[in-house]
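Each remark here refers to the structure printed beneath this line.
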Amino acid sequence: YVWLTTASRSLNFAAQLLLISTLHPYLSHIPPNMEKTTEKTPIGSSGEDVGNGRLLTFDEIPSWQKCVCPYRKERCKEDKTDTFQDTTSIFAQDTVNIHSHSIGAIIFSIILVFHFYTTLYQAVPEAQPIDGVVFLIYFSGVAACFACSALFHTVGNHSQHIHGIYNRVDCCGIVLLMWGASLASIHFAFICNSHLRSLHWFLSSASASGCITFILGPMFIKPAYRTARALTYLSLGLFAIVFIVHGIYLYGFMMQRKRLALEWMGLMALFNFLGCTAYAFRFPEVKFPGRFDLVGHSHQIMHVAVLIAGLVHYHGLSQAFLETRGGALHAC
């Protein structure tokens, strides 16, 4: 019953998220006077608002948007006077960002929940309720991250004020993903020692709390702190080295290799590193300004890399679950 209730709520949440994402071209252009904003959209030479649906040049967008995407040369706006432009405006710079993570939220909140329960949890008689709990924490953290990301890219270009609020929401979602992933891995790393497991759960939670505190600070979302944001997430990810090294020291490499599925964790870390690096250095748009406005810029690369990393980590956790509950490592 608990599993069905969770899946039902996840389905409702995913449907709402998909609806919001579909309405992106309209939600992202709510009249600015509905929210506090620090800068109005510039007016073109014809006296009309330049945000009327055509692709705007870099010089026409507000200065705060130039700071967000200094190497992209066009932005897509809605034009209700031209049906063709209305249709093409649906595909904008944030379209891939929105749907890559709205789809990811659906995958982790519904599909993988059923996959784990039907093909893993029910198939292993030795499975314990705590196993299901840590997997649900992982699924919830990843789904929340992707949902926050999709929401931010849906409404973030409304105004500088709204952008700042939902940018923080997006960043907190990333921390939730990393926290949930760490808790699940720690569970299997110290599956035979509940005291050490609780200790590392506490340390991971404290580190995540510190990151969220930093994120909520007024300076964090400024463009000048872009690299600092990437390093914050990277440092939280590298914190996993602590419990990995501790486990290897206590139980040996071969034991922890199976308990943690280290090969898959390494592949997951590689995808996260590549995505984080592309984001921090704005590659490839920094080398080819204007060529990757709609598809292929650094933020999209990071989105896809994080989605792949999440799937890889789930596979690794599945292997760890089978080894520790149904394999030779079952006996502590």
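Every number here is computed from the coordinates shown, using simple stated rules; none is lab data. This is a predicted model, so every value here is computed, not measured. Because the Cβ atoms are built from the backbone with ideal geometry, glycine has one as well, and the counts that use them run over all protein chains shown.
General remarks:
- By the count of other C-beta atoms within 10 Å, a proxy for reagent exposure, 254, 268 are ordered fewest to most as 254, 268.
- Shape box of segment 183-332 [Cα atoms, principal axes, largest first, Å]: 58, 30, 19
- Taking 324, 277, 119, 95 and counting other C-beta atoms within 10 Å, the order from fewest to most: 119, 277, 95, 324
- When the alpha carbon gyration tensor of segment 165-260 is reduced to an equivalent ellipsoid, the three semi-axes, largest first, read 30, 12, 10 Å.
- Footprinting exposure proxy for 229, 282 (fewest neighbouring C-beta atoms within 10 Å first): 282, 229
- Fully extending the segment from residue 238 to residue 199, taken as 0.36 nm per residue of separation minus the present Cα-Cα distance, adds 12.3 nm.
- Working from label points 7 Å from Cα in the Cα-to-Cβ sense, the residue 295 to residue 118 distance is 3.2 nm.
- Fraction of C-alpha pairs exceeding 20 angstrom in segment 103-178: 42 percent, rounded to a whole number.
- The distance from the alpha carbon centre of segment 198-237 to that of segment 296-315 is 19 Å, rounded to a whole number.
- Estimated at 0.36 nm per residue, the fully extended path between residue 216 and residue 286 surpasses their Cα-Cα distance by 22.4 nm.
- In this simple spin-label approximation, residue 59 and residue 224 carry label points 7 Å from Cα along the Cα→Cβ vector, and these lie 2.7 nm apart.
- Contour excess over end-to-end distance, with Cα ends at residue 249 and residue 209 and 0.36 nm allotted per residue: 11.7 nm
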